[in-house]
Every structure is written in structure tokens, then in C-alpha cells.
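Beneath this line is the structure, given in C-alpha cells, with notes to follow.
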Amino acid sequence: MSFDFAFALKIVPRVLEGIGNTLVVAILSFMGASALGFLWEIARRSNRHVRPVMQFVVDAIRSTPVLAQLYFLFYVLPYYGVVLPALVVGVFGLSFYYSGYLSEVFKAGIDLVPRGQGEAAQSLGLSRIHTVIFVIAPQMLRNVAAPLGAYSVSILKATPYLAVLAVPEMLGSAFDVASETYRYAEPMFVAGILFLCLALIAVTLVNWLERYLGVTTPPH
Amino acid sequence: MTSNPTDEQAGMGSIQTVRGGTAVSIENVSKWYGNFQVLRDVNLHVATGERIVVCGPSGSGKSTLIRCVNQLEKHQRGRIVVNGTELRPGTKGLPAIRREVGMVFQQFNLFPHLNVIDNCTLALVRARKLARNAAEAVAMENLTRVRIPEQAKKFPAQLSGGQQQRVAIARALCMKPKIMLFDEPTSALDPEMIKEVLDVMTRLADEGMTMICVTHEMGFAREVADRVIFMDGGEIVEQANPAEFFSNPVQVRTRQFLSQLLH
Ligand SMILES: Nc1ncnc2c1ncn2[C@@H]1O[C@H](COP(=O)(O)OP(=O)(O)O)[C@@H](O)[C@H]1O
Ligand SMILES: [Mg+2]
């Protein structure tokens, strides 16, 4: 069975049916993972008693397979009366899993902001929360733009895991075509190309963001 | 000019009657970093309107001492009272106390992502809750005071070191502090820029600002200080009015330090 380009082109619309969910899951999960990851990092810095606890939580999140976390949320939560749509569980699961990684990114990004910045803000009488929002976070963002971009692509590529929750997405659409036609090469190829296109769009957005934030050279 | 006796107690009395009120009281303050004692039983009373210059060798605890005054560093023993409020480990409302105490750093510490006027207005808007218009008016007033109003729209990286430090002073002044702390404000500057910063500080002193300045600019100390404090090894070794301090230092360590500084 040779690779059939005409067939590949023909099935593009079918595979594209899943792109909506792929995008929604990827974007929401990226936002959720960023928010949670930032929260973990702020909690980790808040005081020295919380720090080891948060460090353990973050390490635990990263040391468990994402599939285990997804299955756990999907099959175990209902036992406790929490029944959520699969899409919501999927977004929450990916957000949670990647928050462990992003909190490390934020940690490195904050470490790169000179100590004097927080001290200057505090000496002006800004509260901790205002110091974080108006002084630390904007400077951190320049430092984390590149790794955040890389993780946005990772999260995009992780969306097919939601197949285990029966959430239809792009790779799932490709599988549907494959199982109907008994041809695997073309649907997988098409899905791969489409993921590549999405990743390229994400990379372009990150480059644009970096330029906007004035990142010209990698920070040291 | 005031002339303060070397004797600390007598000095306190005369200053208090002249100036009315104590701005900062540091009593028996000690601090450790692990096993290393960085402050040893320090006593220092600063009257309202008084100008103090703190000098001493590197590592003697000068920065640590003034950073305790706005609690960027916590002391472990003793009492620090600023504008009538004692600073304890759990003191509530530290931000409110800090708003009354301006600090200028050796490395300027301007916010690089904000332009000059936004550097000045950030705390006015967020901490003092001023409307943006009002905050910008205060900022322009203080940028004029440090003679740099025309740079209001520039970013810190576009300014010279001397200009940045003057902006940092203006930013602190915007909060209308009762006390100003300076931690080697000219040490990171090229020589030709030192004067513009010292001029601003001198004018501030003439306006009656209470100031604690860590600096090795002895010309400034002579001209401006009411009292010069010499620190070494985490303790105050000697203090006197500048005339006496420079012409007649009592302690051996002070003499050694001054002779190194002058040669
Ligand atoms: N965070 C810290 N941890 C440990 N030691 C410190 C810390 N900060 C300062 N020190 C030490 O405390 C001493 C006094 O420091 P500092 O107050 O900065 O001195 P100065 O301003 O007079 O040069 C120095 O020996 C310095 O190494
Ligand atoms: Mg110092």
C-alpha cells in the first residue's frame, strides 16, 4: 500500500473536524497551567514553611504520568460526586500536569530579576502583591517568554492524550478516518502536518511577544 | 550649623531641643547571619531634621544597619523605632511605615520596564491611591526638584548613571518621606556624575530632610552632616560632628580608616 497524496488531501477536512477541540484544549490548558504554575511559585516563595511543601507538590505533579493524572481525575472524582464533562477534566488535567513544569520556568524567570527590584518596590511601600504584579511579573515575563513558548508547543502535542477521556480532537479524527478506511499513513501524516502548522503559529506568536517585550538577547 | 558634642547622650539632648522629636531610635540592636554577627549592640538616635553620614570599611555593617531602618533586613535583638512606631518581626502595616522612609540604593534599582514618570507614579497610584493626574503632577514636581523633568518619558536604560540616580531620588521623594536613607548613592557612578547627585542631596539637606547617608564622600560629610558615624566590625566605633571627626578622631580604627581614605 503506497502513500496516496490525493487521498491525503481528500481527508484533510475530516481530520480538521477535531481542530476546534485541539485548539480549545491547548489554549485553555496553557492558560490554566501558567496560572497554576505562577501560583505554585508565588506560594513557594511566600514563606519558608510553605516552600518545602510546595516543592514536594511540584515535584509530585511532575513525577506522575500525565495519563495517570487524567485517569485519576476522570474515573476517581465521580466516586466523590464530582462529575465533570470530559473536556473540562482534560483541560484541568493538562493544566495541572504542566503547572508543575511551568512553576519551574517561573522560578528561573523570577530568579533572574535582580533582588534590588523587589527591595526598591518594598522600600516605596508597595504591598507584596503589588510588588509581584507591577514590578516582578513584567520583568519575569521577558525572561520566560522563550521557555513558555516551548511549553505551549508541548501542551499542544499533549492534547491527543484526551483520547483516553473520549474527547474528540485532531489526532482522534485522524484515527476515525484510519479505522474507517484501513489506511493509516495518510491520516497520521495529515494530522502531523496540521500539528506542525499549529506549532509554527505558536512559535510565531512567541517570537512576536518576545519582540514586543523587548527581548533582544537571551537573559543571563 | 549645629555642633553636637561627641558624647552621645548630651548630643541627643541638644538636638532634640533644637529640632524637636526623634525620627529614628536604634537601641541595642544586634543581628546575625547564621553564626556571623553583622551588627553588635548598635545604638543610634536620629533627631528630626538631622543629617547623619555613616562611613566605615566594606563589610562593616553600614548597609545592614540602614536596611534595618525600613526592615529590608530584620534585626534579631534590640529596638528600632521609626517615626514613633516600633518595628518588630510581626509589625503590621510595614508598607505604610516604609512609605514614610525613602531609600536610595547604590545600584539605583529603577524599574527598567517603566519610563521615568511611571517609575515615580507607581507607588503613588498603587500604594497612596492617588489619581493618575495627581500622581503625575507630584512626579513632575519632584523630577523638577532633581532637575530632570525633560527626561520624564525616557526609560532608565536611556539615561546616564547620574540621571538614573537623580530619578531614583525623585521617585523616593514622591512619597513625601519623613526620612531618607542613602546607601552609597554615588559609589556606582562615574566620577563626573558624582557631583550632580551630591548637589541634589545637599539641597535636600538644606530643605530640612532627615537623612542617613552611607557614603565615603567626605566633602559631602564635612559640608552637610550634623554627625558622622564610623562603623567597623558591626559596631559604631566613633561618632562626632564633622569638624571634630575629621580633625580629631579619637579611636585608632577611625584614624586608620581616614588615613586610608585620604591617601
Ligand atoms: N544576606 C547575607 N548573608 C550573609 N552574610 C551577609 C549578608 N548580607 C551581608 N552579609 C555580610 O554582612 C557583613 C556586612 O555587610 P554590609 O552591611 O553590606 O556591609 P557594608 O555595607 O558596610 O559594606 C558583610 O561581611 C557581608 O558579607
Ligand atoms: Mg554596603
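The values are calculated or read from the model by the stated rules, or taken from the named source; none is laboratory data. On a predicted model such as this, the values are computed, not experimentally measured, just so you know. When we count neighbours, we look across all protein chains shown, and the Cβ atoms used for this are built from the backbone with ideal geometry, even at glycine. Side chains included, ligands, DNA and RNA excluded: accessible areas come from the protein's heavy atoms. Shrake-Rupley method; radii C 1.70, N 1.55, O 1.52, S 1.80 Å.
Remarks
- Principal semi-axes in Å for the stretch B:104-213 [√(5λ), Cα gyration tensor, largest first]: 21, 17, 12
- Dimensions (Å) - chain B, Cα atoms, principal axes, largest first: 52, 44, 40
- Per the Debye formula on identical point scatterers at the alpha carbon atoms of the stretch A:109-220, with no solvent, log10 I(q)/I(0) at q = 0.09, 0.17, 0.22 Å⁻¹ is -0.42, -0.86, -1.11.
- Packing around the peptides B:230-237, B:244-251, taken as the average count of other Cβ atoms within 10 Å per residue, puts them in this order, highest first: B:230-237, B:244-251.
- Cα Rg, Dmax, the stretch A:5-213, angstrom units: 20.1, 68
- Carbon/sulfur fraction of accessible area - chain A, other protein chains in place, 1.4 Å, %: 71
- Ordered from largest to smallest accessible area (heavy atoms of protein chains, 1.4 Å probe), the residues A:Leu70, A:Leu196, B:Leu130 come out as A:Leu196, B:Leu130, A:Leu70.
- The Kirkwood hydrodynamic radius of the stretch A:85-171, based on inverse pair distances between different Cα atoms, is 15.0 Å.
- Against the rule of thumb 2.2 N^0.38 Å, how large the Cα Rg of the protein assembly as shown comes out: 1.30
- Length-normalised contact order for the stretch A:5-213 - Cα pairs under 8 Å, 6+ apart - percent: 32
- For the stretch B:88-159, the orientation-averaged shadow of the C-alpha convex hull comes to 5.9 nm² (one quarter of the hull surface).
- The mean sequence distance of close C-alpha pairs (under 8 Å, at least 6 residues apart), as a share of the length of chain B, puts its relative contact order at 26 percent.
- Placing pseudo-labels 7 Å out from each Cα toward the beta carbon at A:Ala68 and A:Ala199 gives an inter-label distance of 2.6 nm.
- Taking 0.36 nm per residue of separation and subtracting the Cα-Cα distance, full extension of the segment from B:Glu207 to B:Asp190 would add 3.4 nm.
- Phi-based couplings in Hz for the stretch A:123-136 (Karplus 6.51, -1.76, 1.60; Gly and Pro marked x): 5, 7, x, 6, 6, 4, 5, 5, 4, 5, 5, 9, 10, 7
- Comparing mean-square fluctuations of B:Thr186, B:Thr144, B:Thr121 from a GNM of chain B with C-alpha springs under 10 Å, the top value falls on B:Thr144.
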